[in-house]
Structures are given as C-alpha cells and as structure tokens.
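First the structure, in the form of structure tokens, and then the observations on it.
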C-alpha cells in the first residue's frame, strides 16, 4: 500500500483546484476519510486556492441581492450532522474496512490514470464504487482477503444482511490471449458464475449469496465457461 | 447599505477587519439567521461572483451559478465546521466547484476539441497574471505567484481560473500527467507557505 498511498497523496493539489474527474474526486475523498495528514494538507491547499479566488473579486449585479435573499427565505436548510456514538467493536472493524476502501480507491484511481478518455467506463466504475462504500457501512460487513500464487491479492466485502458481496482483485496479471478471469460462488449445490473479471477494473458486485461458502477465481476461455474448467488461482472462504 | 459598511466590505479580506467576520456570520446563518445571511451576502458576494465570472466567463451563466451558490451557502451552512477551515475558504471552495461543474457540463455538451484548439498555450497565463493585479490582496497573491516555477504557476492557474482538469492542463502544457499533479501540489504548497495560510 505504500506506493499507492503516496500516489493518492500527490492528488491533494489537483483536488484542491478541482482538477479531478468526478470519479477520482470520489475515490480521493474516500481516501481522505482515513488519512489525517492528507485532510490537513487538503484543508490548507483549499484555503490557499480560495485566496486565488478572493483575488478576482467583482461585484454581482445589484438586483441579484434581493432575489437571493428572497429565495433563502423560502428555502429550508439541511439538518446538521450529529456525531455518531461508536462502540469499540465497530471501531476495530473500521480499521480493516478502511483498508478495503483505500484499496477500492486505488483501483479506481489507477484505472482513471490509464484510461482518462473512457468516460462511460468511468461512470460505471463510479457507481460501483459508491456501492462499495455503501456496503462497507453495513454493520455486519465482513472483510475477507486472499492471495494468488502470481502475487495478485483479492479482497471481498460480504454483507449477509444485504445478501451482497463485492470482490476486487489487485495486481492481477493480464490473462493470456483468448483467456479471461471468471469469478465463481461455490457452495454445497456446486458452482455458480459471478461474472468475468477484467484486471484493473472496479469491484465485481455479487448478489444472492445463500448457500455460498467460497468465492473463487479461475482462468477460462474468452467469454467464460458454464462451470470452472481450471484450478482456481484464488479461493476464499466467506463463511 | 450605509457607506461605512460598504467601505468595510471592501476591506474584508485584510486582517484588520472590523465587525463580524464571515466565520461569525456563517455560524449565525447555520442557526437560520436571515439577517446574518444578508450581511454575509454583502461580505462575500464580490469574491463569489468574481470567481464564478472568471471561470465561467459568460455573464448570464455566471449570474445563474452565483444565485445557486449563494443559496447553497444558506442551505448547507449547517454543515460548516469552523474547526476545519475558515468560512471564506469554505464558501470559495464551494463556489469554485460549482463554477467548474458548470464549465465541465457545458463542455461535455459542445465539442471538446473546439475549445482546446482555440487555446494558445501561452495566452491563458499572461491573461491571468494581468487579472491578478491591483488591490492589496491581489498584490500579495501576485507576489507569491512569482515565487513559483513557471510550470507550477501555469498548472495551478490553468486549473483554478480556467477550470481545466489536470489531464487537460497536461495536454496544454505538453507534460506528463504525473508531472502536472506534482506541479499543482508543489505550487500550492509554495503559495501556502508564502501566504502563511493555515488550514
């Protein structure tokens, strides 16, 4: 994680001047939540950027004043945040979950750097990402990780109450030509495909976990298979 | 508005400000105080509108964004946390984000290429430098900008005043993406130290 945190850290400047895309902004903000020194730096750089803003002062047309004040008088203010009371058990979880959130952020940011032009894919990643942080916030979210012989790591977040899991792989090498990675849910009833996994893309969303004991990743012919045809490169117990 | 208050308003960005600060006012606004919002409007509307006008350019669109931003300040004042920064920074951060959002969505609707093609890489910076000239606040900003390297200054200013994303800035300046990110950060850090900004 060391190099990836450093990569994220260099985004403080671009973030402060709003030079990130929406996707990167969301990923970076997730990182900020667990990075005290980043938050401090961002606050300072944003305040610095604001000085650039104050330097180009120019009065608005006078008629806007009454209009804004009248609109405010008819607009309800949002409710203030109330600090949550955290118990110790939840706090301990928070550490691990944060690591997973950080990992998700890294995946999104890495993809963004490589493929800035592919807007549609990014929009999709962005929605997957918010699904991820949403799932992390469920009280029974479980964090499971595994390692493959080729050095790839897999992380799954499983929420039984939501009947939903997210799986993401890091450092997954490109499959050979004509091959693909496929994710499987394995239980007493056999294997069920949970879709293809493209190295470097966002987390896979898996629903319908009933009876699932393990999540496994295999290499399959392009397009995927009905049932796994090779030995899993990674397999994680989720119960 | 009385003459004296108007005079104070023009001094609002100097440390010797008299009367309630934007921070005091925003805290009152968070409690639903409409009179405080009126005073806050007088204190910050110049920099809010100036920044929007600078980024968005088009007068009619700038006025629209301005009204949206001021209303958002009213609506979300309850979320302002004085421990995490000043009211001015909070408001201008919000302002800049909305201005950039407007520029980006307008840009998505037209042809990206057109806009980039019209730009001469040397021009925006000179223009910005001229703009950042004049009053006391502006002189300090200008002085501090002069301590940045050319790449740092252009990276920061193109992103901030033109609302460009960092890949767009990298493309304009002909430098790698990683370089533009670090130049933006290093440039802002140098500005921060020169201006003595604390979070």
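Values quoted throughout were computed directly from the atomic coordinates according to the rules given, and no laboratory measurement underlies them. Predicted model only: the values in this text are computed from it and were never measured. Glycine also receives a Cβ, built like all others from the backbone with ideal geometry; neighbour counts cover every protein chain displayed.
A Förster radius of 35 Å combined with the Cβ-Cβ distance from residue B:35 to residue B:60 puts the calculated FRET efficiency at roughly 0.70. Going from the residue with the fewest nearby Cβ atoms within 10 Å to the one with the most, B:186, B:81, B:58 rank B:81, B:58, B:186.
Take the Cα of residue B:147, go 7 Å toward its beta carbon, and the backbone nitrogen atoms of the stretch B:183-199 under 16 Å from that spot belong to B:185-199. The ranking of A:17, A:198 from fewest to most other beta carbons within 10 Å of each one's beta carbon is A:198, A:17. By the count of neighbouring beta-carbon atoms within 10 Å, fewest first, B:136, B:191, A:45 end up ordered B:136, B:191, A:45. Between residue A:75 and residue A:10, the FRET efficiency from the beta-carbon distance, with R0 = 41 Å, is close to 0.60. Take the Cα of residue A:150, go 7 Å toward its beta carbon, and the backbone nitrogen atoms of the stretch A:192-214 under 19 Å from that spot belong to A:194-204. Shielding value for B:179-186 is 5, the average number of Cβ atoms from other chains within 10 Å of each residue's Cβ. Indicate the gyration tensor shape class of the stretch A:158-198 (rounded, prolate or oblate), computed on the Cα atoms with a ≥ b ≥ c the square roots of the eigenvalues: a/c under 1.5 is rounded; otherwise a/b larger than b/c is prolate and the rest oblate. Verdict is oblate for the stretch A:158-198. When only Cα pairs below 8 angstrom with a gap of at least 6 residues are kept, the stretch A:139-239 shows a relative contact order of 26 percent.
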